[in-house]
Amino acid sequence: MDKKFLPYCQPLIEKEEIKEVVDTLKSGWLTIGPKTTEFESLIAEYVGAKHAISVNSCTAALHLSLIALGIKSGDEVITTPFTFASTGNVIVHIGAKPVFVDIKKDTYNLDPEKIKEAITPKTKAIIPIHYAGQPYDVKAIMEIAKDHNLFVIEDAAHAIGAEYNGKKIGTFGTTTCFSFYATKNMTTGEGGAVTTNDDKLADKLRILRLHGMSKDAWKRYSDKGSWYYEIEECGWKYNMTDMQAALGVHQIKKLDKFIEIRRKYASIYNKELKKIEGIIIPYEKPNVKHVYHLYPILLKNYNRNKFIEEMKEMNIGCSVHFIPLHLHPFYKRTFRFKKGDFPNAEWVYEREVSLPLYPKMKEEELKYIIKCIRKLLL
């Protein structure tokens, strides 16, 4: 194969998406309008939820979920330190306290037993993530939430299309928050969505995402709309645009195909990399459908940073997911976290490498990556 650089992730945008964006630009509807509404219907139908509210990021989806559910200053929200900054930051933004709980060493998802130990009278919600596209222990965490009257705000940034006991992620929590960032399993460039089965909550989320206005642009400026609106809440400018949704209406139709390719490539990685003593391959629980947003391996005895640099020299891009939040300066300074607080998260982080995995990648490129790994570790 040629020597082109293989990034760890790359979106697959085809002619249907390009045509849809061009048609949207010509239509005059650039912001929230008919394409956004169509995309929301497709998301809701796909995950089996009553409502899907599109927003400009998964961060916005998480933030609005906390606000709409009445989480406030002084409350506590349990989540994982093994996640991207947004999961913790949104808790801080509303004045609540992020309470981190360690992960399990097999799935890298929250440990339900440790959640029980962290609950206090101030605990109001749990934000579990579906790390790398593998659902967390839904049954255990939902039972804990029910027993303690807690909201569950699912961070499903990695997990659209994933399944738990044959049911798609999107309706288990009070809300489920998805990301459609450029590296995700489907993309709108930037963007996200909240799904819920709660009618009143959905109405509130729709109002909060657009300044707290009673009507969005589609309801105000379409041929059936009215110019009059009221500010019902002090909201945010978090809406998705029709240009983004134009990508999404075709990406979601291709999502199952994308997932099929990801799972096929993951199975090839699994088959070949499990032969290498120095690698721990991802574990997939028997009752879930892992959608492999990431393919994270753990290196047993090889320096992780050296491995990444050596792969880069062979034109292969790798990444790391994630530096645990409690090790970042802000969280250490603000909440007095320190190294050693969450040993499982630290143990995984010190060894984790995310290998390239995306539908645009060719099978020969995948085999080249495996060949290079074997060269380094055997």
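The values are calculated or read from the model by the stated rules, or taken from the named source; none is laboratory data. Not measured: the values here are computed from a predicted model. As a convention, Cβ positions derive from the backbone with ideal geometry for all residues, glycine included, and neighbour counts pool all protein chains shown.
Being touching a helix residue (DSSP H, G or I) at 6+ places or on another chain (Cβ under 6 Å), of a type in the set (Ser, Thr, Tyr), in the same structural domain as ALA68 (by TED's automatic domain parsing) and over 24 Å from PHE258 (Cα atoms) is a property that THR123 lacks. Restricting attention to region 297-318, the residues being surrounded by fewer than 20 Cβ atoms within 10 Å (Cβ to Cβ) and part of a loop (DSSP other than H, G, I, E, B) number 7. Of all residues in region 319-378, those that are outside any loop (DSSP other than H, G, I, E, B), under 20 Å from LYS300 (Cβ atoms), touching a residue at least 60 places away in the same chain (Cβ under 8 Å) and hydrophobic (A, V, I, L, M, F, W, C) total 10.
Okay, residues lined up against (1) in a loop (DSSP other than H, G, I, E, B); (2) in contact with a strand residue (DSSP E or B) (Cβ under 6 Å, 6 or more places away or on another chain); (3) not hydrophobic (A, V, I, L, M, F, W, C):
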| site | (1), (2), (3) |
| --- | --- |
| GLY95 | yes, no, yes |
| VAL99 | no, yes, no |
| THR107 | yes, no, yes |
| PRO135 | yes, yes, yes |
| ALA157 | yes, yes, no |
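Considering region 257-296, the residues that are small (Gly, Ala, Ser) and surrounded by fewer than 21 Cβ atoms within 10 Å (Cβ to Cβ) include one that is nearest to ILE373 (Cα to Cα), namely GLY278. Per the conditions (1) within 22 Å of ARG262 (Cα to Cα); (2) buried (at least 18 other Cβ atoms within 10 Å of the Cβ); (3) out of contact with any strand residue (DSSP E or B) (no Cβ under 7 Å at 6 or more places or on another chain), the sole criterion not satisfied by LYS167 is (2). Within region 164-187, residues that are within 18 Å of ALA44 (Cβ to Cβ) and free of Cβ contacts under 8 Å to residues at least 60 places away in the same chain reach partners that are assigned to a strand (DSSP E or B) and charged (D, E, K, R) with beta carbons closer than 8 Å, at six or more positions or on different chains, in the pairs PHE172/GLU154; GLY173/GLU154.
Filtering region 178-217 to residues that are surrounded by 24 or more Cβ atoms within 10 Å (Cβ to Cβ) and touching an Asp or Glu at 6+ places or on another chain (Cβ under 6 Å) leaves only LEU208. Here VAL77 clears all of (1) over 14 Å from HIS148 (Cα atoms); (2) touching a residue at least 24 places away in the same chain (Cβ under 8 Å) except the condition numbered (1).
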